[in-house]
Amino acid sequence: MRKRTIRDVDTTGRRVFVRADFNVPLEQGRITDDHRIVASLPTITYLLDHQAAVILASHLDRPKGPDPALRMDPIASRLSELLKRPVRKLDDCVGPAVADAVAALRPGQVVLLENLRFHKEEEANDPAFAKQLASLADLYVNDAFGTAHRAHASTAGIAAYLPAVAGLLMERELQFLGKVLERPQRPLVVILGGAKVGDKIGVIRNLLRLAQTMLLGGGMCYTFLRAGGAEIGASLLELDRVDLARELTREAEQRGVRLLLPVDVVAAERIEAGAPARVVDARAIPAGWAGVDVGPRTVAAFSAPIASAGTVLWNGPMGVFEIPAFAEGTRAIARAVAESCAESVVGGGDTAAAIEEFGYADKVTHVSTGGGASLEFMEGRTLPGVAALEDA
Ligand code: ADP
Ligand code: MG
C-alpha cells in the first residue's frame, strides 16, 4: 500500500507532470467552490520550492470533445491568485505548441494544460495519447485521488512511460484511508448512511470484516428495518435487496459485529421542505409517511459507541440533510464524530459536503476529497491510479 511520493525523489531541474483534480463546480464560467484547487496547493508549492518545472493537468466535467464552456482558464486564474505567481494556460494538452511551451519552461514556472477530456483518448486510456502526455515531462506525479478509481491515460496509462510517484494529497488520502482498513485503532465504529443499499453493498461487506460496531442510518436503513419486520411506511425501500439486508444482518451476527439500526426516525408526509413531520418509532412508521432522518433516541444510541471508538469511519448522511428540517440527525452525528477522541475519517461526496456545511470538517482527522474513489477504496478495491504508482 505504501507508495513513493514526491518527497522520495529529487525534483531539481526536472519537468514534472502533475495530474491534479481540478474538477470544480462552475456556474457561468465562475468557480463556485475551489476546495479541490486549494487541496492541490501543497504538492504544487512543494515542487516549485524544489526547483521543478510544473506541468499541471486535470479533467473538468464531462465534455464530449472540445467545449469552450469547459476550458481550464478559470482554474488557471484561480491557481495564479492562490500561488501568487503566473500560471499560463495552454490551449491543448498534447501537440507541438504544447511541447514547445513546455520545453521553454524554467524551474519554478507553472503551466496548466487544457481539459484532458477534450480528447476522447483520455478516458479510453489510449496508449499513444498517454505516451504523448508522458513525452512532456520526466517525472509523473498523481495527486488526483478523486479520479484514482478510473484507469484513464492521465491517471494510469501515463505511468508506463515515466517514473510515477504520489503527490502530497494522494499520500494523505492513502495514509488515512489505508490506516482505517489496515491497522485501525480499535474499536472501529463504521457509520453508514446515504441513499441506497445498492450503492453500498461492497462497502458494507468489506467493513463487516473489520468493524466492531456498524451504525446504519440514511435511506439505506429502511431496507434493513423492513428485513427485520418493521413497518416502514413510504420510506425508501429497495424491495429486491431485502433478502440481502437479511443476509448481511446475519453475517454481522456471525462475525460478532454490533449492528445498530435506528430506534426512532423523523417521518414526513412528503420529502420536501415544509411537509408535516414528526418523530416516530422506527419500527412503526405510519402508512404513507417516509423516514427522512434519524430521531433523537437514535442519535443518543449512536453517539455512545462513537464517543468510545478508537477509529470512526463515516460514509453516508443520516437523512435528507439538503432539507434543513431533516438535517438534524446528520448534524448531530457530525458533532458526535467531531467531539470523539477517535481517529475519524469521512468519505463520500455528500457526506463530505455535509460535514463542511455543518462546520465540523476541521474537527475530524481526515475528510476525503474523493467521492467515488473513497467508496471504492472502502470496498477494499485496488484503485488503478494508485496501483500505477511505484511502491515505496
Ligand atoms: P455519499 O455521497 O456521501 O456517498 P450518498 O450519495 O450515498 O452519500 O447519499 C446521499 C443522499 O442520500 C443525499 O442526497 C440524501 O438526501 C439521501 N438520503 C439520506 N437519507 C435519506 C432518506 N431517509 N430517504 C431518502 N434519501 C435519503
Ligand atoms: Mg453521493
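Filter region 1-17 for residues that are over 23 Å from the mean Cα position of the chain (by Cα) and part of a loop (DSSP other than H, G, I, E, B) and give the result.
Taking region 1-17 as the starting set, the residues that turn out to be over 23 Å from the mean Cα position of the chain (by Cα) are 7-16.
Within region 1-17, Val9, Asp10, Thr11, Thr12, Gly13, Arg14 meet the criteria.
Within region 337-350, the residues that satisfy the criterion of being aliphatic (A, V, I, L, M) and either away from ligand 2 (no atom under 13 Å from the Cβ) or surrounded by fewer than 24 Cβ atoms within 10 Å (Cβ to Cβ) (or both) are Val337, Ala338, Ala342, Val345. Selection of region 348-392 for residues being farther than 23 Å from Ala159 by Cα and more than 14 Å from the chain's Cα centre (by Cα) yields Glu357, Phe358, Gly359, Tyr360, Asp362, Lys363, Val364, Thr365. Step by step: first the residues of region 109-140, then only those that are farther than 14 Å from Val98 by Cβ and polar (S, T, N, Q), then the one that is surrounded by the most Cβ atoms within 10 Å (Cβ to Cβ). Which residue is that? Of everything passing the filter in region 109-140, Asn125 is surrounded by the most Cβ atoms within 10 Å (Cβ to Cβ).
Taking the criterion of being part of a loop (DSSP other than H, G, I, E, B) and either away from ligand 2 (no atom under 16 Å from the Cβ) or surrounded by fewer than 22 Cβ atoms within 10 Å (Cβ to Cβ) (or both), the residues of region 195-232 that qualify are Ala195, Lys196, Arg209, Leu210, Ala211, Gln212, Gly228, Gly229, Ala230, Ile232. Screening Ala301, Ala334, Ala327, Ala282 for residues that are open to solvent by less than 10 Å² (accessible area, probe 1.4 Å) and within 30 Å of Arg183 (Cβ to Cβ) leaves exactly one candidate, Ala334.
Considering the conditions (1) touching a residue at least 24 places away in the same chain (Cβ under 8 Å); (2) away from ligand 1 (no atom under 12 Å from the Cβ), Ala300 is excluded by exactly one of them, (1).
Does Ile191 qualify as being surrounded by fewer than 24 Cβ atoms within 10 Å (Cβ to Cβ), within 16 Å of ligand 2 (Cβ to nearest atom) and not basic (Lys, Arg)? Here the answer is no, as Ile191 does not meet what is asked.
Which residues, taken from region 23-67, are closer than 16 Å to Thr147 by Cβ and of a type in the set (D, E, K, R)? Within region 23-67, Arg36, Asp61, Arg62 qualify. When the residues of region 233-279 are filtered to those that are open to solvent by 30 Å² or more (accessible area, probe 1.4 Å) and small (Gly, Ala, Ser), the one that is nearest to ligand 2 (Cβ to nearest atom) is Ala273. For residues that are of a type in the set (A, V, I, L, M), in a loop (DSSP other than H, G, I, E, B) and either surrounded by fewer than 23 Cβ atoms within 10 Å (Cβ to Cβ) or without any contact (Cβ under 8 Å) to a residue 40 or more places away in the chain (or both), tally how many sit in region 304-324. Residues meeting the conditions: 1.
Inspect all residues belonging to region 194-204 and state whether any of them is touching a residue at least 12 places away in the same chain (Cβ under 8 Å), under 22 Å from Ala332 (Cβ atoms) and away from ligand 1 (no atom under 12 Å from the Cβ). No, region 194-204 has no match at all.
State the number of residues belonging to region 351-383 that are within 16 Å of ligand 2 (Cβ to nearest atom) and either closer than 18 Å to His149 by Cα or surrounded by 18 or more Cβ atoms within 10 Å (Cβ to Cβ) (or both).
Here the count works out to 18.
Mind checking which pairs have a first residue in region 61-84 that is β-branched (Val, Ile, Thr) and a second that is in a loop (DSSP other than H, G, I, E, B), Cβ under 6 Å, 6 or more apart or different chains? Here the result reads Ile75/Phe22, each pair linking region 61-84 to a residue that is in a loop (DSSP other than H, G, I, E, B). Taking the conditions exactly as written (open to solvent by less than 10 Å² (accessible area, probe 1.4 Å) and touching a residue at least 40 places away in the same chain (Cβ under 8 Å)), does Ile44 satisfy them or not? Considered against the rule, which asks whether it is open to solvent by less than 10 Å² (accessible area, probe 1.4 Å) and touching a residue at least 40 places away in the same chain (Cβ under 8 Å), Ile44 comes out as yes. Put simply, of Ala166, Ala134 the only residue that is on the phi < 0 side of the Ramachandran plot, outside the structural domain of Ser303 (by TED's automatic domain parsing) and touching a Lys or Arg at 6+ places or on another chain (Cβ under 6 Å) is Ala166. For region 333-377, a tally of residues being more than 13 Å from Leu174 (Cβ to Cβ), among the aliphatic types (A, V, I, L, M), in a helix (DSSP H, G or I) and within 16 Å of ligand 1 (Cβ to nearest atom) returns 9.
Summed over region 141-176, the residues that are without any contact (Cβ under 8 Å) to a residue 12 or more places away in the chain and open to solvent by less than 10 Å² (accessible area, probe 1.4 Å) give a count of 0.
The values are calculated or read from the model by the stated rules, or taken from the named source; none is laboratory data. Everything numeric in this text was worked out from a predicted model, so none of it was measured. Every residue, glycine among them, receives a Cβ derived from its backbone with ideal geometry; neighbour counts consider all protein chains shown. Only protein heavy atoms, including side chains, enter the accessible area calculation; ligands, DNA and RNA are left aside. Shrake-Rupley method; radii C 1.70, N 1.55, O 1.52, S 1.80 Å.
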